[in-house]
Amino acid sequence: MYFDIANKKFDEIKDKEDKVILAVESSCDETACAILKGKEIKANIIASQIEIHKRFGGVVPEIASRNHIMAIQNCVDEALKEANMTLDDIDLFAVTYGAGLLGALLVGVSYIKALAFATQKPLIAVNHIKGHIAANYIANPELKPPYICLIASGGHTAIAHVKGYNDIEILGTTQDDACGEAFDKVARVLGLEYPGGPQIQKLAKLGKPTIEIPTPYKDVDTYDFSFSGIKTAVINYVHKLEQKGEQIPREDLACSFQEKVTDIMVNNTIKCAKDKHLKNIVIAGGVGSNECLRAKMDNAAKKYNFNVYYPPIKLCTDNAVMIASQAYHSILAGVRPVDIDLDASANVKITD
Ligand code: KG4
Ligand code: ZN
């Protein structure tokens with residue numbers, strides 16, 4: 001019954017350019033709600049749990065779930081208030097169903113299902129990583145597929161050929177750690193707070209890239225990544241100096257690590273863009289806010305005559321605008337609403 005009504009309503013509004021989408025994101029440690037009217041941001045509320053998880057040095061899944069439960073109603077209320085709207089103004093809902101922490105995802109999915117059912121309005125399920133990519137359509141309205149996308153987040157690192165709004169081919173992917181994970185682990189060893197990326201970026205500004213770090217896949221022709229050897233090289237370096245009671249050159253280590261990781265990501269991305277003969281390069285995900293990565297990508301793009309797009313910092317890390325944006329654009333690509341039995345899923349592939 002719900003699904004029939006939701007589908008009928010969806011058919012009535014799917015071609016409306018300024019349809020109003022309320023989206024919820026709760027895959028990790030940010031509870032977020034956003035409202036888009038067409039491509040215009042009407043509200044963007046993010047309740048971050050970073051301060052809560054800091055003392056544990058990383059996200060504790062059970063604590064994340066509990067805090068999502070406490071925050072979600074306020075986030076939605078705040079978003080409606082910011083947009084000066086009521087639920088009557090919303091055409092459809094969107095939610096991140098995966099990938100992420102299962103318990104955390106379940107909060108957003110259960111909440112939005114209740115909302116969709118109570119209002120009998122359609123619901124679009126969104127892949128979190130596709131959401132990160134779609135943040136770029138809001139930040140850069142002229143951007144359209146096809147393009148090469150570097151996906152650089154806490155849970156994923158990949159290079160994708162984005163052929164359509166919902167059509168992605170993965171060209172290379174990390175074989176071990178995600179780049180954000182490596183940033184966070186190296187930060188921890190250097191005594192920096194979670195999340196490590198912004199802290200490493202800050203510390204690296206005071207250092208020089210004087211410490212040699214091995215380059216993975218040096219003579220291998222691949223678009224794949226590997227960050228675990230780089231991370232281990234830094235950890236071993238620190239441990240050796242600690243054993244000898246010597247001072248750790250934290251600034252130089254942060255700088256050398258950041259230089260190596262960003263070099264690899266830029267080189268791989270440029271190689272893909274050249275090989276695929278695509279002019280546009282897009283950066284997505286939390287590590288995409290790294291200043292060093294952006295500067296290097298801009299320089300390389302200038303050299304080879306590519307265009308580079310990335311979202312502002314607030315849309316790079318987890319938010320719900322990106323989820324609403326992917327819902328909006330996947331509808332253009334023919335995606336239909338889901339039924340009320342939608343389940344959260346921890347392990348969703350980027351291409352799902
Ligand atoms: O995309 P994201 O918000 O969450 C996932 O979907 O995983 O990415 C979070 C990751 C964390 O590992 C964080 O340390 C990293 O993005 N990050 C950064 C920076 N800002 C956030 N890494 C490097 N430099 C930054 N400025
Ligand atoms: Zn994310």
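Anyone know which of 34, 178, 118 comes out most mobile in the 10 Å Cα GNM of the chain?
118
Amide H of residue 224: which non-local residues (sequence gap of 5 or more, or other chain) have their own amide H closer than 5 Å, using H built in the peptide plane?
For residue 224, whose amide H was placed from the backbone, the distant partners under 5 Å are 173.
To check you understand DSSP bridge types, tell me what percent of the beta bridges within the stretch 146-311 (both residues inside) are antiparallel, rounded to 5.
60
Can you give the angle from 0 to 90° between the axis of helix 228-243 and the longest principal axis of the chain, with both taken from C-alpha atoms, to the nearest 10?
Orientation of helix 228-243: about 50 degrees from the principal axis.
Quick one: order 297, 85 from most to least accessible surface, probe 1.4 Å.
Largest accessible area first, the list is 85, 297.
When the dipole is taken about the Cα centre of the stretch 178-224, and only Lys, Arg (+1) and Asp, Glu (-1) are charged at their Cβ, what size is it in debye, to the nearest 20?
360
Which links in 231/271; 202/296; 8/314; 144/208 stretch past 27 Å when you go from one Cα to the other?
Table pairs above 27 Å Cα-Cα are 8/314; 144/208.
Rounded, prolate or oblate: which fits the stretch 146-311, taking a ≥ b ≥ c as square roots of the Cα gyration tensor eigenvalues, rounded meaning a/c under 1.5, else prolate when a/b beats b/c?
It is prolate, given that a/c is not under 1.5 and a/b is the larger ratio.
Mind telling me which of 21, 151, 63 comes out most flexible in a GNM of the chain, alpha-carbon contacts under 10 Å?
63
Please give me the summed charge of the neighbours of residue 231: other residues whose Cβ is under 14 Å from its Cβ, Lys and Arg +1, Asp and Glu -1.
Here the count lands on -1.
Which entries of 121/349; 14/303; 9/279 have Cα-Cα distances beyond 30 Å here?
Numbers: 121/349 27 Å; 14/303 41 Å; 9/279 39 Å.
Violating the 30 Å limit, Cα to Cα: 14/303; 9/279.
Using only Cα atoms, find the angle between the long axis of helix 2-13 and the longest principal axis of the chain, and express it within 0 to 90 degrees, rounded to the nearest 10.
For 2-13 against the chain, the angle is about 80 degrees.
With a sphere of radius 10 Å drawn around the Cβ of residue 195, what net charge do the other residues whose Cβ falls strictly inside it have (Lys, Arg +1; Asp, Glu -1)?
Net of charged neighbours comes to -2.
Once you charge only the Cβ atoms, +1 for Lys and Arg and -1 for Asp and Glu, what is the size of the charge dipole of the chain about its Cα centre, to the nearest 20 debye?
The dipole of the chain has a size of about 760 debye.
Ignoring ligands, DNA and RNA, what percent of the 1.4 Å accessible area of the stretch 117-258 is carbon and sulfur?
With neighbouring chains kept in place, the figure for the stretch 117-258 is 48 percent.
Ignoring ligands, DNA and RNA, what accessible area per residue does the chain give at 1.4 Å, in Å²?
In whole numbers, the chain has 43 Å² accessible per residue.
Considering only 253, 150, 26, whose Cα is most displaced toward the positive end of the charge dipole of the chain, charges sitting on Cβ of Lys, Arg (+1) and Asp, Glu (-1)?
253
Once both axes come from the Cα atoms, what is the angle between helix 321-332 and the longest principal axis of the chain, in degrees from 0 to 90, rounded to 10?
60
The values are calculated or read from the model by the stated rules, or taken from the named source; none is laboratory data. It should be emphasised that the depicted structure is a prediction, and the values quoted were computed from it without experimental measurement. No Cβ is skipped: glycine too gets one built from the backbone with ideal geometry, and neighbour counts run over all protein chains shown. Each accessible area value is taken on the protein alone, full model and side chains, heavy atoms only, with ligands, DNA and RNA left out. Shrake-Rupley method; radii C 1.70, N 1.55, O 1.52, S 1.80 Å.
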